[in-house]
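Please read the structure below before turning to the comments.
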Amino acid sequence: MSNYLKSEIYRALHTKAYYIFFAVCLVALIALGMFMKFITPYQSFAFTGNHFLYALLVVLVSGIIMIFPALVVAFTTKSVTLQQEILSSGIKRKTIFFNDYILAGLISGVYLFILSFISLFIAMFLFEIDNTQVDTSWITTNGFIITILHLFLAILAWNALAVGVNYILDNKGIAMGIFFLFSYIVPLIIVQFRFVSKVLQWVAEIFPLTQIFLAFRQENNPLLSICIIVANIIIILTTTFLIYKRKEV
């Protein structure tokens, strides 16, 4: 591990915003579990831990995760002035670029896996787990774990795009706008029209967001889906770094 990355990890550990966001996510998890537990007596059927995990994934995919990469990258990427100071100390551009990407991935991974472990604990503590039941608003524990793995890989792809456009444009506002456009808006539009033609259906299936949806619905080949997301990561990182490497700082 490079000294640069060590110093960045130390800085991240002392950034209050990460702890505040984690606390908000934790409270949201507990609140969701307590709400579902409270309304169970008023339902025609009893909620199980599998229903809770399903509802949690809906929140993760459609809510928290949409702002998560933007928040992490906003605190890991460097301003032009800070880049100049770091470069003048002898550190290379590729060190700044890839170490900041690695840091964003570490932070994202710690967040996601700790919150996922807590979610499984809440599901088992407040509800009963029934992996044999079949329901439209239900997921097995294995399905939950597989979806979380897909979600982590997709976040790595989103981080790659967010880090890349931030360093290429040097404007966090515009960079985040482009990030949301190509990470969520364009894929969602294509997904809505994917049945119009086979071309659109093929295009829809190459986006990380679509792969999460398919994993979430347990309608995909997990290995193929993982390969598609990893290919996205490699392509995005390589392309954005080559552009960043050619620009003047």
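No lab work stands behind these numbers, since they all come straight from the coordinates. None of the values given here were measured: they were computed from a predicted structure. Every residue, glycine as well, gets a Cβ built from its backbone with ideal geometry; the counts of neighbours run over all protein chains shown.
For the reader, a short list of remarks on this structure follows.
- Between the C-alpha center of segment 136-171 and that of segment 3-54 there is a gap of 16 Å.
- Farthest toward the positive end of the dipole of the chain, out of 182, 98, 88, is the Cα of 88, where the dipole comes from beta carbon charges about the Cα centre.
- In this rough spin-label picture, where each label sits 7 Å from Cα along the Cβ direction, the residue 141-residue 14 distance is 4.1 nm.
- Considering only 21, 43, 127, and ranking their Cα positions along the charge dipole of the chain that arises from unit charges at the beta-carbon of Lys, Arg, Asp and Glu, the one farthest toward the positive end is 21.
- Rounded, prolate or oblate (a/c below 1.5 giving rounded, otherwise prolate when a/b exceeds b/c) for segment 113-183 by Cα gyration tensor: prolate
- Theoretical ellipticity at 222 nm over the chain - DSSP helices of four or more residues, -39500 (n - 2.57) apiece, nearest 500: -25000 deg cm²/dmol
- From largest to smallest, the equivalent ellipsoid semi-axes obtained for the chain from the alpha-carbon gyration tensor read 35, 23, 14 Å.
- Evaluated over the chain, the count of Lys pairs having alpha-carbon atoms less than 14 Å apart is 7 (only pairs 8 or more residues apart or interchain).
- Gain in span if fully extended, residue 128 to residue 113, counting 0.36 nm per residue against the direct Cα distance: 3.2 nm
- Checking every one of the trypsin sites (Lys or Arg not before Pro) in segment 91-139 against DSSP loop status and a limit of 14 other Cβ atoms within 10 Å picks out 92.
- Here the dipole of the chain is about 760 debye; that uses its Cα centre as origin and unit charges on the Cβ of Lys and Arg (positive) and Asp and Glu (negative).
- Mean Cβ neighbour count within 10 Å, used as a protection proxy, ranking 157-166, 36-45 highest first: 157-166, 36-45
- Shape of segment 44-189, Cα gyration tensor, a/c cut at 1.5: prolate
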